[in-house]
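The structure appears below as structure tokens.
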């Protein structure tokens, strides 16, 4: 069943919008469901001159999602005034008496998402213009490079995460999550875990990170040149190590995108795209951070991704989408262990 707001909820939302002095007071409120899942529902709102998106947990989501929604709000509100592409922050509502859950409104982004392609070709002109297509990759990495430069303390994000001891906590923290659901062996887990305990990055400069950065979580403006319109889905956002976002992008990115391995995540064609080395060089140029220790971050990213997806796989039930995580987990953990064994990085 498609989530919706009933007449009473719509009236309460309209009253809250009026009290918040948002545009469109007195005009009918039109609501359209866009997407959703177990953690968030997303609705398009139109009222007079207001064109917005509402992000709200469904009624069945855990109680701590209200806090999570307000964490997301802190981030997008802090991004206003920066050069990081994002949806405009409009208003947050922590008062659960309005709709039963905390929620926030952000500006509607006129653009397209790579997730809309469902494995099909890039939209015009990126399907035929290789140089324009390369711009999609550079815009993707520029987004997190800019994010890493945000002065998070000046933007009021102190307390959003625990940057001190970030790397020292990773192995124990995520193994703890895994042990709660673990019902099978994951070949490579012990080897990658030992390697991560024994190594650290060359340097660590805390910053704002997305936590799940990939083509699936960005939107582009229509047409060429490629322009990143917004980074979306800040559910995993925190203050930590921004270079983990970079590793999230490049962990499966091939060096030769025309060499037969030119896909990423099984849903995007990377043929004609920049190589992994070119992506890393672009990040270093825009962010001002060195990337000589990227192998450490890739081992961490592959290892962490396997654990995150294993949690979904173990609660899959009859869900084909979650069942599909099973072999991906094994591949990702195996790849983490293989890189840990073969890398020349000794930090």
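Tabulated data
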quantity: Tilt relative to the chain, helix 166-181 - C-alpha long axis, 0 to 90 degrees, to 10; calculated: 80
quantity: Protection proxy ranking, peptides 313-322, 244-253, average beta carbon neighbours within 10 Å, highest first; calculated: 244-253, 313-322
quantity: Mean ellipticity per residue at 222 nm, deg cm²/dmol - from DSSP H runs of n ≥ 4 across the chain, formula -39500 (n - 2.57); calculated: -12500 deg cm²/dmol
quantity: Prolate/oblate/rounded label for segment 1-50 (Cα gyration tensor, a/c 1.5); calculated: prolate
quantity: Alpha-carbon spread of the chain, three principal axes, descending order, Å; calculated: 65, 48, 45
quantity: Tensor-based shape of segment 7-107 (alpha-carbon gyration tensor, a/c under 1.5 rounded, otherwise prolate or oblate); calculated: oblate
quantity: Tilt relative to the chain, helix 276-287 - C-alpha long axis, 0 to 90 degrees, to 10; calculated: 60
quantity: Contact order relative to length of the chain, as percent, for alpha carbon pairs under 8 angstrom and 6 or more apart; calculated: 17
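Bear in mind that the values in this text are calculations on the coordinates, not laboratory data. Just so it is clear, the structure is predicted and the values come from calculations on it, not from any experiment. Reconstructed Cβ throughout: ideal geometry from the backbone, glycine too, with neighbour counts over all protein chains shown.
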